[in-house]
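Colleague: Encoded as structure tokens, here's the structure I'll be asking about.
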Amino acid sequence: MEPKSVLNSRGRLGDNAGHKAELSGLMAGAIVMTLDGEMPVEFLSPGDRVVTRDTGMAIVRAVRPRRIIGNAVGIMAGSLGHTRPERDVMIPADQELLIRDWRAAALVGACQAMIPAARLVDGEYVTLHSNVEMTVYDIEFDRAHVIYADGLELASAPVSDFAIAA
């Protein structure tokens, strides 16, 4: 499945390459699935091979940490499906997740969609936290991918984000 074939949060086909989400990225401590096993995002480096949903594997080109203050979403273990996520996690509010269940149908009328974490807030199992100071890591690949972190399927940063920042 190519990321372009998934509906975005606005119910349109696309990879959101024109959308720069300042409050997205992987929080420090996020466990990323690589071909060498699970690894905390802060230990990834260029050349590492990350498991992706869309291509099977992608090579990390760069890992860029940054400090942000903003809204974050707390997701309780198992609240998005069996072992999804694997443990209680906190992710930036704009981080997009691939949702492949009734939530996608309810939010965008499709069987799967890339949804910003903030749109999943229910106040009980998925909660919004304001003004959180976070260290987030953007992983650069040759193109955007759907990667596995903490048992969730998350969108990597679009390649265009790195060209803008450079």
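Colleague: Would you tell me the accessible area of Ile59, worked out with a 1.4 angstrom probe on the heavy atoms of the protein chains, in Å² to the nearest 10?
Modeller: 70
Colleague: Using 7 Å Cα-to-Cβ label points, what is the Asn131/Glu86 separation (nm, one decimal)?
Modeller: 3.5
Colleague: Once amide H atoms are placed 1.01 Å from N in the peptide plane, what residues at a sequence separation of 5 or more from Ala144, or on another chain, have their amide H within under 5 Å of its amide H?
Modeller: Residues meeting the amide H criterion: Val159.
Colleague: Residue by residue through the stretch 135-144, which ³J(HN,Hα) values in whole Hz follow from phi under the Karplus form 6.51 cos²θ - 1.76 cosθ + 1.60 (θ = phi - 60°), with glycine and proline marked x?
Modeller: Each residue's phi maps through the Karplus curve to give 9, 10, 10, 9, 9, 9, 10, 5, 7, 5 Hz.
Colleague: With every protein chain present, what is the per residue accessible area of the stretch 24-104 (1.4 Å probe, Å²)? The partial results should precede the final answer.
Modeller: Working: 3790 Å² over 81 residues.
Per-residue accessible area for the stretch 24-104 comes out at 47 Å².
Colleague: Heads up, I need the accessible area for Glu38: 1.4 angstrom probe, whole protein in place, Å², nearest 10.
Modeller: Rounded to the nearest 10, that gives 120 Å².
Colleague: Continuing with the same structure: What shape does the stretch 47-112 take by its C-alpha gyration tensor, where a ≥ b ≥ c are the square roots of the eigenvalues and a/c under 1.5 counts as rounded, a/b above b/c as prolate, and the rest as oblate? The partial results should precede the final answer.
Modeller: Values: a/c = 1.76, a/b = 1.25, b/c = 1.41.
Verdict is oblate for the stretch 47-112.
The values are calculated or read from the model by the stated rules, or taken from the named source; none is laboratory data. Everything numeric here is computed off the predicted structure, so don't read it as measured data. Neighbour counts are summed over all protein chains in view; Cβ atoms, including those assigned to glycine, are modelled from backbone coordinates with ideal geometry. Please note that ligands, DNA and RNA were not included when accessible areas were found on the heavy atoms of the full protein model with its side chains. Shrake-Rupley method; radii C 1.70, N 1.55, O 1.52, S 1.80 Å.
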